[in-house]
Amino acid sequence: MNETVIYDPFDPEVLTNPYPLYARLREETPVFWNDRMRSWVATRYDDCRDVLRDHRTFARDRRRVNVDVPEFAQNLQTLDPPQLAPLRSLLMNAFRAQDLDAAAHRTHDRIRGLLRSLSEHGEFDWIHEVAAPVALGLTAELFGVTEPDHEPYVAMADAISRRMDAGLDPTVVEPGDEARKRLNALADGWFAQDPGRPGLMTTIQELMAGSGVPGHYIGNSIATIFNASYGTVFAAAGNTVLTLLEHPGALDQFRDPRIVDLGVEELIRFDGPAQGTSRVAAERTVLGGHVIEAGQPVITLLAAANRDPAQFEQPDELLLDRTPNRHLGFGWGSHACLGATFGHVAVREIVLCLLEAPSLRLAGTPVRRRTATVRSMDLLPVSFRK
């Protein structure tokens with residue numbers, strides 16, 4: 001069952017640029033067993049999409065294969081249809097009730113003001129001085145809650161992000177679980193905060209009465225979505241800017257309004273935050289010619305699927321007018337990202353604000369964060385051209 005091409009997502013070369021390895025995996029061993037992670041790994045678009053949409057065979061809820069899920073971890077990500085339906089419907093309706101046009105204007109103003117203040121500086125780190133505060137501020141505004149203290153929240157989110165790599169590094173489990181409990185407690189406090197304040201929290205509270213969904217699932221899911229929103233915007237803000245800096249002329253293409261929304265989706269496809277997500281086989285099945293036994297995990301390498309030449313022409317090229325572009329950057333099926341539209345808006349407004357600012361340039365060597373499930377930056381030194 002061993003792979004013929006070694007897959008080590010923590011290898012420094014892979015962290016810097018995983019896509020050549022993904023191409024070899026798709027070609028030589030598209031579905032393989034990884035001993036270190038004790039999991040099957042799928043790399044081709046069709047296989048990944050099929051796993052994500054077949055919730056009967058490939059479960060998100062590990063209780064279906066007799067794995068305990070503690071109460072603090074029970075949320076929309078640990079349910080499958082039909083049990084998922086009432087909670088997902090409640091949350092989807094809450095998202096749809098938000099005024100995203102107004103959110104886009106506020107997002108634009110916030111980013112523009114921050115870039116204007118930084119334009120007077122010399123070199124600065126895009127990740128810590130722009131990506132993190134923008135992601136946290138925008139998410140708090142979307143939810144209609146008081147913005148958490150910056151440094152403690154960023155540390156908590158980092159621990160939760162690293163917890164996703166538990167199959168590669170068991171030492172991240174305990175700090176990640178403790179961070180998740182603190183995040184749940186933070187979300188519980190929001191229920192009593194600023195009643196009637198516009199945002200997701202107020203809408204959820206209005207909709208949850210009579211939903212039949214246990215209260216801890218709603219609270220835990222709010223925490224999960226808040227952190228997922230923060231994490232997606234944070235990672236996408238770094239990946240997007242580095243991609244634009246490495247592709248001269250790409251930013252100027254966004255001056256064409258016909259390109260903007262297509263271009264944002266292409267940035268997510270080309271180098272998005274989500275590298276992979278996992279399911280567990282609920283029954284014996286076959287994937288890519290391999291027998292998957294009930295209870296065995298399957299990791300779908302979304303980022304590999306998003307460069308599959310069987311689905312995307314010129315997959316390694318950044319084509320901002322690419323259409324169709326059915327990428328898996330926000331997932332697929334019953335667990336597709338609820339906040340995908342908000343993530344799209346946030347990336348779009350970052351790009352549009354960069355068009356208004358002085359030209360940005362690299363001022364040092366970027367450093368990738370040592371995480372496998374989420375692709376993001378630790379350091380992105382930049383400066384504005386005078």
Of those in segment 23-51 that are among the charged types (D, E, K, R) and part of a helix (DSSP H, G or I), the residue nearest to F330 (Cα to Cα) is R49
Helices (runs of 4 or more DSSP H) within segment 252-360 that include 3 or more residues out of contact with any helix residue (DSSP H, G or I) (no Cβ under 8 Å at 6 or more places or on another chain) and at pLDDT 95 or above: 260-271
For segment 194-224, which residues satisfy the criterion of being touching a residue at least 24 places away in the same chain (Cβ under 8 Å) and at positive phi? D194, G199, G212
Are there any pairs, at least 6 apart or on different chains, whose C-beta atoms fall under 9 Å, with the first in segment 168-182 and without any contact (Cβ under 8 Å) to a residue 40 or more places away in the chain and the second buried (at least 16 other Cβ atoms within 10 Å of the Cβ) and hydroxyl-bearing (S, T, Y), and if so, which? G176/S161
I'm trying to understand the selection: among the residues of segment 52-96, which are among the basic types (K, R), part of a helix (DSSP H, G or I) and either over 10 Å from H335 (Cα atoms) or touching a Lys or Arg at 6+ places or on another chain (Cβ under 6 Å) (or both)? R62, R63, R64, R96
Those residues of segment 239-291 that are crowded, with 16+ Cβ neighbours inside 10 Å and among the acidic types (D, E) come to a total of 3
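Yes/no per residue for (1) at pLDDT 95 or above; (2) over 22 Å from G331 (Cα atoms):
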residue	(1), (2)
M156	yes, yes
D177	yes, yes
L183	yes, yes
P198	no, yes
S221	yes, no
N227	yes, no
G231	yes, no
T240	yes, no
T243	yes, no
Of all residues in segment 294-352, which are among the small types (G, A, S), closer than 29 Å to G199 by Cβ and crowded, with 21+ Cβ neighbours inside 10 Å? G329, G339, G343, A346
Pull up segment 123-177, narrow it to residues that are β-branched (V, I, T) and assigned to a loop (DSSP other than H, G, I, E, B), then point me to the one that is surrounded by the fewest Cβ atoms within 10 Å (Cβ to Cβ). T146
Test R307 against the stated conditions and say whether it is among the basic types (K, R), out of contact with any strand residue (DSSP E or B) (no Cβ under 8 Å at 6 or more places or on another chain) and over 25 Å from F10 (Cα atoms). no
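Answer yes or no as to whether R44 is surrounded by 14 or more Cβ atoms within 10 Å (Cβ to Cβ), among the charged types (D, E, K, R), out of contact with any Ser or Thr (no Cβ under 6 Å at 6 or more places or on another chain) and at pLDDT 95 or above.
Working: surrounded by 14 or more Cβ atoms within 10 Å (Cβ to Cβ): yes; among the charged types (D, E, K, R): yes; out of contact with any Ser or Thr (no Cβ under 6 Å at 6 or more places or on another chain): yes; at pLDDT 95 or above: yes.
Criteria met by R44.
The values are calculated or read from the model by the stated rules, or taken from the named source; none is laboratory data. No experiment lies behind these values; they were computed from the predicted model shown. Positions of Cβ are generated from backbone atoms using ideal geometry, with glycine treated the same way; all protein chains shown enter the neighbour counts.
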